[in-house]
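Novice: Before I ask anything, here is the structure I am working with.
The values are calculated or read from the model by the stated rules, or taken from the named source; none is laboratory data. Only a predicted model underlies this, so the values are computations on that prediction, with no experimental measurement involved. No Cβ is skipped: glycine too gets one built from the backbone with ideal geometry, and neighbour counts run over all protein chains shown. Side chains are part of the model used for accessible areas, which takes the heavy atoms of the whole protein and leaves out ligands, DNA and RNA. Shrake-Rupley method; radii C 1.70, N 1.55, O 1.52, S 1.80 Å.
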Amino acid sequence: MAAAQLRLPTYQILNLIAGLLAMLGFLAFWPVSPIRLLPEPIAEAIHAGRWVLLIGGLLAQVWLLSVRVRHNRRSWQQAQADAAAVPLAARHAAAQSGVKGLKVDWSPLNSGGANFQTQQLLARGEQGWVVAATWRFVLLCSLFGAIGGPLGLGIAFAELDKGAKALIPLLMGLVFIGISWALVRFAAPRKCFDRRVGWYWQGREGLTDQQRHALQERGKAAPLHEVRAVQVLAELVTDSEAPSFNSYELNLVLQSGQRLNVMDHGKRDVLVADAERLARWLDVPLLMR
């Protein structure tokens with residue numbers, strides 16, 4: 001796997017697998033180990049291959065670390081290239097003058113992000129837009145529940161005759177299913193633009209006026225007439241547990257100077273195109289930096 005082609009979901013999955021293998025090998029050396037809670041054939045196989053699991057898992061993590069270092073170097077170089085892609089005059093004008101005297105904050109609004117496309121902008125006729133999670137992001141989140149859920153529930157079912165021993169794998173399976181649901185629900189929440197009611201908000205379609213005002217107080221909604229500009233900015237995201245990467249934000253700039261985040265992902269060309277569509281639809285300037 002080349003450093004330039006590394007993707008965050010792939011890295012995290014491989015790192016998780018390598019860590020799990022090393023942990024299983026390490027636990028198999030314990031005289032009293034939680035591995036004994038597994039079905040007997042599985043526990044015996046892990047115990048017999050404990051050295052292979054431990055050394056193989058550690059070597060895999062060392063290799064992933066070297067890939068991360070190379071990828072971080074490439075990410076820094078890409079960040080410099082992205083900054084140079086916007087003409088200097090445009091960057092200077094956006095940074096200094098803002099929108100007709102409105103001072104625009106250029107610090108990242110959302111910490112973190114993703115280096116692949118997690119959200120998409122979908123048209124709802126001429127009257128609005130919806131920001132929804134991409135199928136790739138939903139599939140990635142569902143893997144936790146699709147793999148961990150049935151595995152935990154299956155082990156629990158096999159251990160039913162052993163009483164309390166079945167409780168741990170049952171809870172683990174339910175935790176994996178809960179993580180999948182929470183990721184899909186909260187990591188890429190649905191957002192709506194509706195010209196008929198004159199609002200932008202985070203949440204499902206068809207909210208009442210009272211619900212939209214409640215969201216506005218929490219910084220998750222705004223009347224469309226208050227939007228003064230659409231903002232696009234880049235952020236270099238660094239994490240000790242994963243390679244660094246570039247994530248791009250699409251924000252709404254309100255007349256008060258407040259900003260509301262609409263999208264945040266790593267597909268720059270898609271996000272810029274979506275920002276241009278929203279700026280034309282809202283009839284406001286597009287600011288890029």
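Novice: For segment 266-283, does any single residue satisfy the condition of being touching a residue at least 24 places away in the same chain (Cβ under 8 Å), within 25 Å of Arg195 (Cα to Cα) and in a loop (DSSP other than H, G, I, E, B)?
Specialist: Checked segment 266-283: no residue is touching a residue at least 24 places away in the same chain (Cβ under 8 Å), within 25 Å of Arg195 (Cα to Cα) and in a loop (DSSP other than H, G, I, E, B).
Novice: Find the residue count for segment 261-271, including only residues that are closer than 15 Å to Leu286 by Cα and either touching a Lys or Arg at 6+ places or on another chain (Cβ under 7 Å) or crowded, with 21+ Cβ neighbours inside 10 Å (or both).
Specialist: So the answer is 3.
Novice: Filter segment 200-250 down to the residues that are crowded, with 19+ Cβ neighbours inside 10 Å, touching a residue at least 40 places away in the same chain (Cβ under 8 Å) and assigned to a helix (DSSP H, G or I) and list them by number.
Specialist: none
Novice: Hey, does segment 189-196 have a residue that's open to solvent by less than 30 Å² (accessible area, probe 1.4 Å), within 30 Å of Ser66 (Cα to Cα) and touching a residue at least 40 places away in the same chain (Cβ under 8 Å)? Step through it out loud before you land on a result.
Specialist: Of the residues in segment 189-196, the ones open to solvent by less than 30 Å² (accessible area, probe 1.4 Å) are 189, 191-194.
Cutting the leftovers down to within 30 Å of Ser66 (Cα to Cα) gives us none.
So far as segment 189-196 goes, no, none of its residues is open to solvent by less than 30 Å² (accessible area, probe 1.4 Å), within 30 Å of Ser66 (Cα to Cα) and touching a residue at least 40 places away in the same chain (Cβ under 8 Å).
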